[in-house]
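Trainee: Quick one: the structure is below, and I'll ask about it shortly.
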Amino acid sequence: MIGEYVVETRFPSTKKRYKGSKPLPDVVVKNNYNQDVDMMGVLTGIDQYELFDAAAMKTLISFKWEVYGRKLHGWGLFFHLIYMSTIIMYNLFVYILNKGESREE
């Protein structure tokens, strides 16, 4: 189909080899990907909330949070704190510590 491709990943065996033993075969994992379907986009439009109780779905959501969500929200928090501290400092120096001095002379 258009937009589908297969990714083959090889994981070498991590078990110990002893003298004279045969080498262990690599583990091959084949994943089918479809570029036209966004998994998280499909999940946002469904009303079957019991689907989110599945272990695989919980694993997917926690993976997305660990890889993408936490970093994105961390940067958002950082820039929000910078913005808020700038507004607070501006109000402090211009309006509170001004002590009634007018700029007009």
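The values are calculated or read from the model by the stated rules, or taken from the named source; none is laboratory data. The model shown is predicted, which means the values in this text are computed figures rather than measured ones. In this analysis, Cβ positions are derived from the backbone assuming ideal geometry, glycine residues included, and neighbour counts consider all displayed protein chains.
Trainee: So, in the stretch 55-69, of the ones that are among the charged types (D, E, K, R) and surrounded by 11 or more Cβ atoms within 10 Å (Cβ to Cβ), which residue ends up nearest to the chain's Cα centre (by Cα)?
Mentor: Here the residue is Lys64.
Trainee: May I pose another question? Can you find even one residue in the stretch 44-54 that is surrounded by 10 or more Cβ atoms within 10 Å (Cβ to Cβ), of a type outside the set (Asp, Glu), part of a loop (DSSP other than H, G, I, E, B) and modelled with pLDDT of 85 or more? Spell out the reasoning first.
Mentor: As a first pass, look at the stretch 44-54 and keep what is surrounded by 10 or more Cβ atoms within 10 Å (Cβ to Cβ): 51-52, 54.
Filter once more, so that each one left must be of a type outside the set (Asp, Glu): 51-52, 54.
Narrowing further to those that are part of a loop (DSSP other than H, G, I, E, B): 54.
Remaining after also requiring modelled with pLDDT of 85 or more: 54.
So far as the stretch 44-54 goes, yes, one or more of its residues are surrounded by 10 or more Cβ atoms within 10 Å (Cβ to Cβ), of a type outside the set (Asp, Glu), part of a loop (DSSP other than H, G, I, E, B) and modelled with pLDDT of 85 or more.
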